Amino acid sequence: MTDLPQLHPAAAKSLSAWHEMVANGDLGDLRSIVHPDATFRSPVAFKPHKSADAVVLALSTVLTVFADFAYHRQATTDDGLNVVLEFSAMVGDKAVKGIDFVRFDEDGRIVDFEVMMRPLNGVQALAEEMGKRLGGIIPAYK
């Protein structure tokens, strides 16, 4: 059996902080682990949102949309700077499953956060809720 890849120590520290923030439902310290030029890739938008402000705004808002959010599995790339996190949540009465692809720099800051989700009706419900909350704000970050 081969050894599983381990996260880079700085990335592991930031990921631990991320999990703690999510568990507490408070992303107030998120900016401290996000690179100023980070990118957020939404499951409901084709073009990515760019800047730490966009990442913090999108993730802080989605945390208020999701109910019963939980992470289940985690995988790490060989370089130790990328992690894949499987999650489930509810959006209203729709159950969703998804994956967060998170890329860190050598300092442990998030440089790219991409979300993929299914099923379509859950993604549509998320798009509707996020649109209500951020529709006039988030497009400025593209």
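The values are calculated or read from the model by the stated rules, or taken from the named source; none is laboratory data. It should be emphasised that the depicted structure is a prediction, and the values quoted were computed from it without experimental measurement. Note: ideal-geometry Cβ built from the backbone for every residue, glycine included; neighbour counts use all protein chains shown. Only protein heavy atoms, including side chains, enter the accessible area calculation; ligands, DNA and RNA are left aside. Shrake-Rupley method; radii C 1.70, N 1.55, O 1.52, S 1.80 Å.
What pairs come up if the first residue lies in segment 22-40 and is without any contact (Cβ under 8 Å) to a residue 24 or more places away in the chain and more than 17 Å from VAL62 (Cα to Cα), the second is surrounded by fewer than 18 Cβ atoms within 10 Å (Cβ to Cβ) and among the basic types (Lys, Arg), and their beta carbons are under 6 Å apart, counting only those six or more places apart or on different chains? If the second residue must be surrounded by fewer than 18 Cβ atoms within 10 Å (Cβ to Cβ) and among the basic types (Lys, Arg), no pairs are left. When segment 82-93 is filtered for residues that are under 16 Å from VAL62 (Cβ atoms) and open to solvent by 60 Å² or more (accessible area, probe 1.4 Å), only GLY92 remains.
Residues of segment 29-39 include none that is in contact with a Gly (Cβ under 8 Å, 6 or more places away or on another chain) and over 19 Å from VAL111 (Cα atoms).
Of all residues in segment 88-119, those that are closer than 13 Å to VAL44 by Cβ and either in contact with a Phe, Trp or Tyr (Cβ under 6 Å, 6 or more places away or on another chain) or touching a residue at least 60 places away in the same chain (Cβ under 8 Å) (or both) total 5.
Identify, please: which residue in segment 22-50 is within 16 Å of LEU134 (Cα to Cα) and at pLDDT 95 or above and is, among those, most open to solvent (accessible area, probe 1.4 Å)? Filtering segment 22-50 for residues that are within 16 Å of LEU134 (Cα to Cα) and at pLDDT 95 or above, the one most open to solvent (accessible area, probe 1.4 Å) comes out as ARG41. The strands (runs of 3 or more DSSP E) found entirely in segment 51-126 that carry 2 or more residues being charged (D, E, K, R) are 67-76, 94-104, 110-118.
Among the numbered conditions (1) in a helix (DSSP H, G or I); (2) on the phi > 0 side of the Ramachandran plot, the only one that LYS132 does not meet is (2).
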